[in-house]
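Visitor: Quick one: structure below, then a few questions.
The values are calculated or read from the model by the stated rules, or taken from the named source; none is laboratory data. From a predicted model like this one, the values you see are computed outputs, not experimental measurements. Note that we place each Cβ from the backbone using ideal geometry, even for glycine, and neighbour counts take in every protein chain shown. The area values use the complete protein model at the heavy-atom level, side chains included, leaving out ligands, DNA and RNA. Shrake-Rupley method; radii C 1.70, N 1.55, O 1.52, S 1.80 Å.
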Amino acid sequence: MSELTVKYNDLTAEQFIELWETVWGPGPSLEQTELAMKHTLFRVSIWEDDRIIAMARMIGDMGLDYYIKDVIVRPEYQKKGIGRMLINELLKFVDDNGVKGTNIFVELCAMPDKIPFYEKFGFAANEAQRLRLFHHVD
């Protein structure tokens, strides 16, 4: 693996979709993704030369709650510390932007096999259940 570059807030919708599809299959529409990138608080991406290999983003209200979304590392780059780099960058964003002297919720949703990874950072499950609805917009 050659030298990695970390970039902030310049991940494009096209790059997001490309990376999404390496892990989760067909990605969201370009229009949806452009809106998501525009309204994301913080985006971090990791590059090897001119190839995007990982990304994550943060959404939230900048006061009480930050939510980690779409942590993606290309399969061939997993288990090399890149996911840890992403989470550390997101937590640094909270440190740099959160209200000093307060407690702030940093939340995420993880598949069961990924929970041990997040527990290493201090994340813990609570009694809440995640509910979701895929609402179709006509």
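Visitor: What percentage of all Cα-Cα pairs in the stretch 22-84 are separated by more than 13 Å? It would help to have the intermediate numbers written out before the result.
Guide: Details: 1341 of 1953 pairs.
Above the 13 Å cut-off, the stretch 22-84 has 69 percent of its Cα pairs.
Visitor: Here is a follow-up. So, R0 is 25 Å and r is the distance between the beta-carbons of Lys100 and Thr5; what FRET efficiency does that work out to, to 0.05?
Guide: Efficiency, from the Cβ-Cβ distance: 0.25.
Visitor: Could you give the length gained on full extension between Phe134 and Lys80, defined as 0.36 nm per residue of separation minus the Cα-Cα distance, in nm? Mind showing how you got there, number by number?
Guide: On the way: separation 54, 0.36 × 54 = 19.44 nm, distance 3.34 nm.
Gain on extension, Phe134 to Lys80, equals 16.1 nm.
Visitor: First check a/c for the stretch 53-130, with a ≥ b ≥ c the square roots of the eigenvalues of its C-alpha gyration tensor; if it is under 1.5, answer rounded, and if not, answer prolate when a/b is larger than b/c or oblate otherwise. Provide the component values of the computation, followed by the final result.
Guide: Details: a/c = 2.03, a/b = 1.38, b/c = 1.47.
It comes out oblate by the Cα gyration axes.
Visitor: Tell me the volume per residue, in Å³, of the convex hull enclosing the alpha carbons of the stretch 85-138.
Guide: Output value, Cα hull per residue: 159 Å³.
Visitor: What trypsin sites (Lys or Arg not before Pro) does the stretch 1-90 have in DSSP loop regions with at most 15 other beta carbons within 10 Å?
Guide: Lys79, Lys80
Visitor: I've got another one for you. Ignoring ligands, DNA and RNA, how do Met62, Met37 rank by accessible area with a 1.4 Å probe, largest first? Spell out each step's value before the answer.
Guide: Working: Met62 70, Met37 15 Å².
Listed by decreasing accessible area, they come as Met62, Met37.
Visitor: Within the chain, how many Lys pairs sit with Cα atoms under 22 Å apart, leaving out pairs fewer than 8 places apart on the same chain?
Guide: 21
Visitor: Might you work out the accessible area of Val73 for me, using a 1.4 Å probe with all protein chains in place, and round it to the nearest 10 Å²?
Guide: 20
Visitor: Taking Cα centroids, how far is the stretch 110-132 from the stretch 1-69 in Å?
Guide: Comparing the Cα centres of the stretch 110-132 and the stretch 1-69, I get a distance of 20 Å.
Visitor: In square angstrom, rounded to the nearest 10, how much accessible surface does Glu76 have for a 1.4 Å probe?
Guide: For Glu76, the solvent-accessible surface is approximately 90 Å².
Visitor: Rounded to two decimal places and with Rh computed the Kirkwood way over Cα pairs, what is Rg over Rh for the chain?
Guide: Ratio of gyration radius to Kirkwood radius: 0.95.
Visitor: Let me ask another. Please give the solvent-accessible surface of Tyr118 in Å², to the nearest 10, using a probe radius of 1.4 Å with every protein chain present.
Guide: Tyr118 has an accessible surface of roughly 30 Å² with all protein chains in place.
Visitor: I'd like the Karplus ³J(HN,Hα) series for the stretch 101-106: coefficients 6.51, -1.76, 1.60, θ = phi - 60°, whole numbers in Hz, and an x wherever there's a Gly or Pro.
Guide: x, 10, 9, 10, 6, 10
Visitor: Still on this structure, I have one more. Taking 7 Å along the Cα-to-C-beta vector as the label spot, tell me the Glu31-Asp113 distance in nanometres, rounded to one decimal.
Guide: With each label placed 7 Å out from Cα toward Cβ, I get 3.5 nm.
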